[in-house]
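Okay, structure first, notes after.
The values are calculated or read from the model by the stated rules, or taken from the named source; none is laboratory data. What you are looking at is a predicted structure, and each value in this text was computed from that prediction instead of being measured. Cβ sites come from the backbone with ideal geometry, for glycine too, and all protein chains shown count toward neighbours. Areas reflect the complete protein model, heavy atoms only, side chains present, ligands, DNA and RNA absent. Shrake-Rupley method; radii C 1.70, N 1.55, O 1.52, S 1.80 Å.
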Amino acid sequence: MCLRVNLGWFWTYFSPWLVLSMALCGLLVWLLRLQKVDTDPAWFLGAGFVIVSALGALSKMADKRLNWESAFSRLDVGWKLNHRLVSAWRGVGAWPDLPEDPIPLKVKPGYFLGPLLLGALFLCAAVYLPLPPETLKTDTTRMEPPDWKTLEALADELEEQDLVEEDATQALKRELEQLRKKPMEEWYDPSTLEATDRLRSRMRTDSERLMQAMNQTSKLLQLADTGKDQLTHTQQQAMQEYLQQMREQMGQGGLQMNQNLLQQLREVDLTQLQQMDQAQLQQLEQELMQNAEAMEQALMAAGLISMDGDFPGRGGITRGGGPSDLTLRDFETSVEPVVPMALDPGHIENARMGDLLEVRETEHGDEREVEAATGGAVATEGGSGEVVWDQDVLPAEQKVLKEFFK
Amino acid sequence: MNTEALTEIELKATSEKLAQVRSELNQVLFGQEPLIDQVVICLLARGHLLLEGLPGLGKTELVRALSKVLGLESKRIQFTPDLLPGDITGNPMLQDVDGERKFIFQPGPLFSQLVLADEINRASPKTQSALLEAMQEHRVTSMGERHALPEPFFVLATQNPIELEGTYPLPEAQLDRFLFKLNIHAGGAAVLQRIVENRQLGEEAKGAEILKPQELQEVMQLVKRIYLPEVVANYIARLVHASHKGESEASKSIKYGASPRAAIGLAAAGRARALMQGRENVSYEDIKAVAVPVLQHRLVLEYHAKLEGLDGSKVATALVEEVPAHADKLPPVLAES
């Protein structure tokens, strides 16, 4: 009886605060959902408020606590015992036989369940009610430039496979985060896109450099392993120097190779091939090869290099690799140059500024015959410039040219 | 006061004796069982009784039957406007004793164990007040000498609610001396038929002596040993307190509430009822059963309440209904089943 009544008073004082706590918690959860942030703080705050409310209700309940005499008195009235229980408790008379009836108190379900249901309703509404449509539009992960995710995934992949040192990937992530912090409306501004492109380009360059270095080092080790018996000391020294260059290349720059592997490479001395453990050399070679392949796979998955090779000049809607480099290499790119057409010689009088007067098959006009002499003097005069004007052009021709340029 | 709890044997024997007393009285006064119970309770609580009812309802018969059943000496005083205090208390008479003339006190009709003060409101206030000392202190004072009344001493007064011309309503101080005020109502046709069949005009009431005065005194001592739980005492206090202005809804009809003497009377009457029912403790039910007879004549009603047709009995009933037995409330989430 005492327990029930005391719990009843506790519930009486606690239930309004419980409902208030749950309502506040629900409101906070709803607001945090609207802001698209973690709702855990709201739950913790709500739980804390409930605990404080319970403590307050306990202290208030103490004022209303039912004492033993009152409890026995209520039982006496409920069981029609005419205060025999109270008297017996006070030592007057014998304890009466207790009836089979339950304790003469009943719980009002509405008072008990009402606050609980109301509070639960607030929480359910906060958690399950769909957000307004305008809130859905602010799903920023879908709106950010796709390269951000790509670069972030590449950094995660490189970290996960332990291919590179984490400093570079962490720096990349920090730079991406800086870009994300910009207002959403600036995400597609030229400056942001250019910054993204710079990140992408830098990542690609660094990755390719490291990948090539690992490939070449692997091949060097393979060569050293297979030809250790035929290599002369001079050759071994040259290979050791090249290995030294590769080590420096892999240990510097934006992306640095895994330090463990790099340390193992530092211990390799190709001038002492006969003393080296062949299995260790092969394992190192394999690891370098695998790392290079893994890095290539990661770059391809991120779209930084393509499956069928990556050549400049292939434009398209993805902007491609940029304009073709006009190099003097023996193999040209696939860029198809426009065939130059000269002006008909019969209409030379109608020529305007910029018109092509003549097309001639000739060598590039570089001074191939010019040779340097001691003290910086020129041994031969060469065949262009003032010399050509003075020696090869006739006075009539000079006149026409002067007229033309005038 | 002997606070030792009653034994089962004492309780059983006493309650059986009291049941016989009530049964014997019911043979005299038909159809008035609740009234007889209240009268017995009042006597066991050492209280005086004020009976109000129309003539011919058996008030005098009740007193005579009580005196026979309880073995008490009884006297009847018919109160009239010219009755003087000395007529009921007794007067000093000048007498010749051994050659000397002395005032010798001649006891009046008050010197009896059971006094029926018939139509008490017809006597003058002076005479009514002569009863005060006798009822409160069980003694009378004449020419500076105190004379103790026989024990036990009970006053059963009657008053007629009609024919109020030429009467003197009892003052509040006098009314407060009566533990109970009971109203006698006529029984139904069946009760009247029983009376007609069993009684003759002018025939004296019959009744066997169940208790001797000494035994009655012992029973009254047992009443004092009945246990009054703290919660019941608290209920009595709250009930009496609620009769005061502004302390309850019912008190709006009350000008002056009940006195502490009423609270003491409630406890005593509750104890007597518990003993009569064979219990060693008082309960809420005992207090509720005696609350109206104890309180109704002690409440001074407002003028507007009288105009609305309320009387002490109705207001006291409203008080009992209004004041909860338990001092502490239940929380809203719980209810008594």
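Suppose we filter B:Leu307, B:Leu330 for residues that are farther than 20 Å from A:Ser73 by Cβ, surrounded by fewer than 21 Cβ atoms within 10 Å (Cβ to Cβ) and of a type in the set (A, V, I, L, M, F, W, C); which single one remains?
Going through B:Leu307, B:Leu330 in turn, just one is farther than 20 Å from A:Ser73 by Cβ, surrounded by fewer than 21 Cβ atoms within 10 Å (Cβ to Cβ) and of a type in the set (A, V, I, L, M, F, W, C): B:Leu307.
Is it true that some residue in region B:282-299 is within 14 Å of another protein chain (Cβ to nearest Cβ) and touching a Leu at 6+ places or on another chain (Cβ under 7 Å)?
yes
From the list B:Ala233, B:Ala237, pick out the single residue that is surrounded by fewer than 17 Cβ atoms within 10 Å (Cβ to Cβ), within 14 Å of chain A (Cβ to nearest Cβ) and more than 20 Å from the chain's Cα centre (by Cα). Walk me through how you get there before you give the answer.
Numbers: B:Ala237 fails: within 14 Å of chain A (Cβ to nearest Cβ).
Only one candidate qualifies: B:Ala233.
Could you grab the pairs with beta carbons closer than 7 Å, sequence gap of 6+ or different chains, first residue in region A:92-111 and within 7 Å of chain B (Cβ to nearest Cβ), second one open to solvent by 80 Å² or more (accessible area, probe 1.4 Å)?
Hits for this filter: A:Gly93/A:Arg84; A:Pro104/B:Glu336; A:Pro104/B:Ser337; A:Leu105/A:Arg4; A:Leu105/B:Glu336; A:Leu105/B:Ser337; A:Lys106/B:Ser337.
Checking the structure you have, find out if any residue of region B:95-117 is closer than 30 Å to B:Lys206 by Cβ and open to solvent by 70 Å² or more (accessible area, probe 1.4 Å).
Yes, the conditions are met somewhere in region B:95-117.
Need the failing condition index for A:Leu18 against (1) in contact with a helix residue (DSSP H, G or I) (Cβ under 8 Å, 6 or more places away or on another chain); (2) within 29 Å of B:Ala233 (Cα to Cα), just the number.
Here A:Leu18 clears every test but (2).
Could you tell me which of the residues B:Glu249, B:Glu302, B:Glu218, B:Glu322 is away from chain A (no Cβ under 12 Å) and in contact with a strand residue (DSSP E or B) (Cβ under 6 Å, 6 or more places away or on another chain)?
Just a single option satisfies the conditions, and that option is B:Glu302.
Identify, please: which residue in region B:293-304 is of a type outside the set (D, E, K, R) and crowded, with 19+ Cβ neighbours inside 10 Å and is, among those, farthest from B:His48 (Cα to Cα)?
Restricting attention to region B:293-304, the residues satisfying the condition of being of a type outside the set (D, E, K, R) are B:293-297, B:299-301, B:303-304.
Of the ones still in play, those that are also crowded, with 19+ Cβ neighbours inside 10 Å are B:293-297, B:299.
Numbers: B:Pro293: 12, B:Val294: 11, B:Leu295: 14, B:Gln296: 15, B:His297: 13, B:Leu299: 17 Å.
Within region B:293-304, the match that is farthest from B:His48 (Cα to Cα) is B:Leu299.
Mind checking which pairs have a first residue in region B:220-235 that is polar (S, T, N, Q) and a second that is at pLDDT below 90, Cβ under 8 Å, 6 or more apart or different chains?
Close Cβ pairs satisfying both conditions: B:Gln221/B:Asn2; B:Asn234/B:Ala327.
Checking the condition at pLDDT 85 or above and on the phi < 0 side of the Ramachandran plot, which residue from A:Leu163, A:Leu179, A:Leu136, A:Leu81 passes?
A:Leu179
So which residues in region B:125-176 are touching a residue at least 60 places away in the same chain (Cβ under 8 Å), closer than 25 Å to B:Ser67 by Cβ and open to solvent by 60 Å² or more (accessible area, probe 1.4 Å)?
B:Glu151
Test B:Ser243 against the criterion of being part of a loop (DSSP other than H, G, I, E, B) and in contact with a His (Cβ under 9 Å, 6 or more places away or on another chain), and give yes or no.
The answer is no for B:Ser243.
Can you tell me which residue is nearest to the chain's Cα centre (by Cα) among those in region A:146-181 that are of a type in the set (D, E, K, R) and open to solvent by less than 60 Å² (accessible area, probe 1.4 Å)?
A:Glu152
If you go through region A:1-43 one residue at a time, how many are crowded, with 17+ Cβ neighbours inside 10 Å, assigned to a helix (DSSP H, G or I) and within 11 Å of chain B (Cβ to nearest Cβ)?
The number of residues fulfilling the criteria is 11.
Any chance region A:226-235 includes a residue that's polar (S, T, N, Q) and within 25 Å of A:Gln256 (Cα to Cα)?
no
Go over the candidates A:Leu66, A:Leu81 one by one and state the one that is under 14 Å from B:Val282 (Cα atoms), out of contact with any strand residue (DSSP E or B) (no Cβ under 8 Å at 6 or more places or on another chain), within 9 Å of chain B (Cβ to nearest Cβ) and not in a helix (DSSP H, G or I).
After ruling out the rest, the residue left standing is A:Leu81.
With β-branched (Val, Ile, Thr) and within 14 Å of chain A (Cβ to nearest Cβ) as the only criterion, which of B:Ile264, B:Ile254, B:Ile226 stands out? Steps first, answer last, please.
On the way: B:Ile264 fails: within 14 Å of chain A (Cβ to nearest Cβ); B:Ile254 fails: within 14 Å of chain A (Cβ to nearest Cβ).
Within the list B:Ile264, B:Ile254, B:Ile226, the selection yields B:Ile226.
I need the full set of residues from region B:48-64 which are buried (at least 23 other Cβ atoms within 10 Å of the Cβ) and not in a strand (DSSP E or B), in order please.
Correct list: B:Gly58, B:Lys59, B:Leu62, B:Val63.
Looking at B:Leu182, B:Leu131, which one is at pLDDT 85 or above and not in a loop (DSSP other than H, G, I, E, B)?
B:Leu182
With the checklist (1) at positive phi; (2) outside any loop (DSSP other than H, G, I, E, B) in hand, flag the one item B:Gly207 doesn't pass.
If we test B:Gly207 against (1) at positive phi; (2) outside any loop (DSSP other than H, G, I, E, B), just (2) comes out false.
Just to verify a result, which residue in region A:211-244, among those that are part of a helix (DSSP H, G or I) and of a type in the set (Asp, Glu), is most open to solvent (accessible area, probe 1.4 Å)?
Looking at the filtered set, the residue picked out is A:Glu241.
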